[in-house]
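Asks: My questions all concern the structure below.
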Amino acid sequence: ALDGTALYNCAADLLDRNLAERGGRVAIVDDGGTWTFAALARRVDACAGALLGLGLEAEQRVVLCLLDTIDFPTAFLGAIKAGIVPIPVNTLFPAADYAYILADSRAKAAIVSSELLATFLDAARQAGWAGTIVVSDPRGTAPDPRFAALDALVAAATPLQNAAPTRPDDACFWLYSSGSTGKPKGTVHVQTSLVRTAELFAQGVLGLREDDVVYSAAKLFFAYGLGNALTFPLAAGATAVLHAGRATPYAVSRILRDAKPTVFCGVPTLFASLLVHPEFPPRERLALRLCTSAGEALPEEIGRAWTARTGVEIVDGIGSTEMLHIFVSNRPGAVRYGTTGTPVPGYAVRLVDETGAIAAFGEIGELEVNGPTSAAYYWNAREKSRRTFLGEWTRTGDKFRQDQDGNFIHCGRADDMLKVGGIWVSPGEVESALVAHEHVLEAAVIGVCDEQDLVKPKAFVILKPGVVPSDELADALKVHVKARLAPYKYPRWIAFVDELPKTATGKIRRHVLRAQEDA
Ligand code: 3SK
């Protein structure tokens, strides 16, 4: 434990710990090359110097709209080393979401992958945002004379030698967490949290070691991916494999075959798709020793089928953006498929009923967690902070029960939010997109399990008078939503209905729709 008055900078900690013993070993492999720990540290120092050289000051925010390449660790750690607060954002977001984040965070600058620049510029225009834009183009294929290139800035910068004099409880970075109203919340994490998650989960539970090679299909902008592919490998002196493109079953199959990770971090949908993909390598071509799953509960059958096929366990757990990483998990060598396991040592959990009382053993309750990696607060959202961060305890919004052995079993959400492929989706947001269609009067969205027992959005739609329901219209509505929201959010099924169940005050009773679906 660090005294709150001591100086502590987590970027310096994560880099320096590797320099003396393994500076020459490979820290990062991305689509374009390989970086040793020493080369990464030099690049981070140069980036820190470059950001300060642009006029950014400690405690100001910089948005990172970056694909998974060497530039993500460079910019993320470089900002932190300079005391600047990076905000990685979801690279699948449409312009409207970036516009919201730019206005809400009041970031002074943004570092943007060239592939995402057009969307980002649209967002900047929508938000009237006039901060500094730096473009990441590590392959040098899309130079844009209007903006500084990160590579050029890094090459010309005076490297920062000494980390900014940050303290353990200082704001270190933010992640935007989705909310049930559809507006993401800036979740403010402090300097110590990244290394604590590595100690408690990666080293304590997974036993991550120096000779591991880690590949995370979850991208670095997610809390899950950030730990898996950046801070966990750095903390353990292991190698991380990064891939800028989408983690399709084809791409992941190739990475598992060619980059030979020993640890693979995925989500249930992906494990299920890999199992039926023609390119998925036979087990003798794999180097895996362990897999992890999070984002949504791993169906038992998928876990069993994966182990039967590969000989490797999937360690399923639950984490949250608010707690930064996994706090309840299975244990390697003792995995109980169909459960989320038990609390990670260092965290305490409890299940509470609607009155806030501790639920009786075996009963369903909302999970609350107490541990050292809880976010400090949500930026600019005092009421939401007060409802989530209850002193030492943090509400998760997830319902669980315990089996006889004390394992936690996921029983759904306490609110209407759903997770699709491990990513939060707000029903309200999909409904608003549907209602924006000229033929739609009202819409309600719930999560429904597909044939693999994985949750996907289903929409119930009331059409405007005179509009005739048809399969073509259903397809058109799906296309309409895809064009407005991140692609994974579109409703996979559309049911045309004459009315929706509502409360006396007109709120949609989504639980009634869920009960109808389950019947
Ligand atoms: O969704 C999860 O279970 C999760 C795991 C690790 C970090 C963050 C999240 C949201």
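Asks: Give me the percent of DSSP beta bridges within region 100-211 that run antiparallel, rounded to the nearest 5. Mind showing how you got there, number by number?
Replies: Working: 6 of 13 bridges.
Of the beta bridges lying entirely in region 100-211, close to 45 percent run antiparallel.
Asks: Would you kindly calculate the mean projected area, averaged across all directions, of the convex hull enclosing the Cα atoms of region 29-137, in square nanometres? Display every interim value, and only then the final one.
Replies: Working: hull surface 24.9 nm².
That works out to 6.2 nm², a quarter of the Cα hull's surface.
Asks: Now for a separate question. Tell me the Kirkwood hydrodynamic radius of region 332-390 in angstroms, computed as one over the mean inverse distance between distinct C-alpha pairs.
Replies: Across region 332-390, the inverse of the average 1/r is 13.8 Å.
Asks: Once you've got the Cα coordinates, tell me which of LYS183/LYS384; LYS482/LYS507; LYS399/LYS482; LYS260/LYS489; LYS456/LYS482 are over 23 Å apart. All intermediate terms of the calculation are to be shown ahead of the outcome.
Replies: Details: LYS183/LYS384 12 Å; LYS482/LYS507 25 Å; LYS399/LYS482 30 Å; LYS260/LYS489 32 Å; LYS456/LYS482 14 Å.
Too far apart for the 23 Å limit: LYS482/LYS507; LYS399/LYS482; LYS260/LYS489.
Asks: Using the Kirkwood formula over every pair of different C-alpha atoms, what hydrodynamic radius in Å results for region 14-57?
Replies: Details: mean 1/r = 0.0886 Å⁻¹.
When all Cα pairs of region 14-57 are included, the Kirkwood radius is 11.3 Å.
Asks: Could you line up LYS458, LYS502 from fewest to most neighbouring Cβ atoms inside 10 Å?
Replies: Working: LYS458 23, LYS502 13.
The most exposed by this proxy come first: LYS502, LYS458.
Asks: Please compute, over every Cα-Cα pair in region 319-460, the percentage with a separation greater than 19 angstrom. Provide the component values of the computation, followed by the final result.
Replies: Details: 5993 of 10011 pairs.
Distances greater than 19 Å cover 60 percent of the Cα pairs.
Asks: Peptides 63-71, 142-150, 87-95: what's the order by average Cβ count within 10 Å, highest mean first?
Replies: Working: 63-71: 25.6, 142-150: 14.3, 87-95: 21.7.
So the order, starting with the most tightly packed, is 63-71, 87-95, 142-150.
Asks: Principal axis lengths of region 168-283 from Cα atoms, whole Å, largest first?
Replies: So the three principal-axis extents are 47, 39, 23 Å.
Asks: Which distance in Å, rounded to a whole number, links the C-alpha centroids of region 369-415 and region 135-155?
Replies: After rounding, the separation between the Cα centres reads 41 Å.
Asks: Sticking with this one: Taking the alpha-carbon set of region 227-340, what are its Rg and Dmax in Å?
Replies: 13.5, 39
Asks: Write down the percent of antiparallel bridges among all DSSP beta bridges whose residues are both part of the chain, to the nearest 5.
Replies: On the way: 47 of 81 bridges.
That works out to approximately 60 percent antiparallel.
Asks: Kirkwood Rh, Cα Rg: Rg to Rh for region 1-74? Intermediate values should be presented prior to the final figure.
Replies: Values: Rg = 14.1 Å, Rh = 14.0 Å.
Ratio value, two decimals: 1.01.
Asks: Provide, as a two-decimal number, the C-alpha radius of gyration of region 143-195 over 2.2 N^0.38 Å, N being how many residues it has. Provide the component values of the computation, followed by the final result.
Replies: On the way: Rg = 16.8 Å, N = 53, 2.2 N^0.38 = 9.9 Å.
Here the Cα radius of gyration is 1.69 times the empirical estimate.
Asks: With a bin width of 5 angstrom, please list the P(r) values of region 297-359 as percents of all Cα-Cα pairs, from the 0 bin to the one holding the largest distance.
Replies: Taking all Cα pairs of region 297-359, the binned fractions are 4, 17, 21, 20, 18, 11, 6, 3, 1, 0 percent.
Asks: Give me CYS449, CYS47, CYS411 sorted ascending by neighbouring Cβ count inside 10 Å, so fewest comes first. Don't jump to the answer; show the numbers that get you there.
Replies: Working: CYS449 13, CYS47 28, CYS411 16.
The fewest-first ordering by Cβ neighbours comes to CYS449, CYS411, CYS47.
Asks: Another question about this same structure. Treat region 408-479 as a sphere of radius equal to its Kirkwood radius over Cα pairs and apply Stokes-Einstein at 20 °C in a medium of 1.002 mPa s; give the translational diffusion coefficient in µm²/s, rounded to a whole number. Walk me through the numbers on the way to the answer.
Replies: Working: Rh = 13.4 Å.
Once the numbers are plugged in, D ends up at 159 µm²/s.
Asks: For helix 10-22, report the angle its Cα long axis makes with the longest principal axis of the Cα atoms of the chain; keep it between 0 and 90° and round to the nearest 10°.
Replies: 60
Asks: How big is D, in µm² s⁻¹, for region 118-223 by Stokes-Einstein at 37 °C and 0.692 mPa s if Rh is the Kirkwood radius over C-alpha pairs? Don't jump to the answer; show the numbers that get you there.
Replies: Details: Rh = 18.1 Å.
Using the Kirkwood radius from Cα pairs, D works out to 182 µm²/s.
Asks: Need one number: convex hull volume per residue for the chain, Cα atoms only, in Å³. Mind showing how you got there, number by number?
Replies: Working: hull volume 83.0 nm³, N = 519.
Roughly 160 Å³ of hull volume per residue.
Asks: I've got another one for you. Can you give me the three principal axis dimensions of region 382-519 from its C-alpha atoms, in Å, biggest first?
Replies: Projected onto its principal axes, the Cα set of region 382-519 covers 54, 38, 31 Å.
Asks: Would you mind ranking ASP416, ASP398, ASP258 so that the residue whose beta carbon has the fewest other beta carbons within 10 Å leads the list? Numbers along the way, then the final one.
Replies: Numbers: ASP416 19, ASP398 23, ASP258 11.
The order, fewest Cβ neighbours first, is ASP258, ASP416, ASP398.
Each value in this text was obtained by applying a stated rule to the coordinates, not by laboratory testing. The structure presented is a predicted model; accordingly, all values stated were derived computationally and were not measured. Every residue, glycine among them, receives a Cβ derived from its backbone with ideal geometry; neighbour counts consider all protein chains shown.
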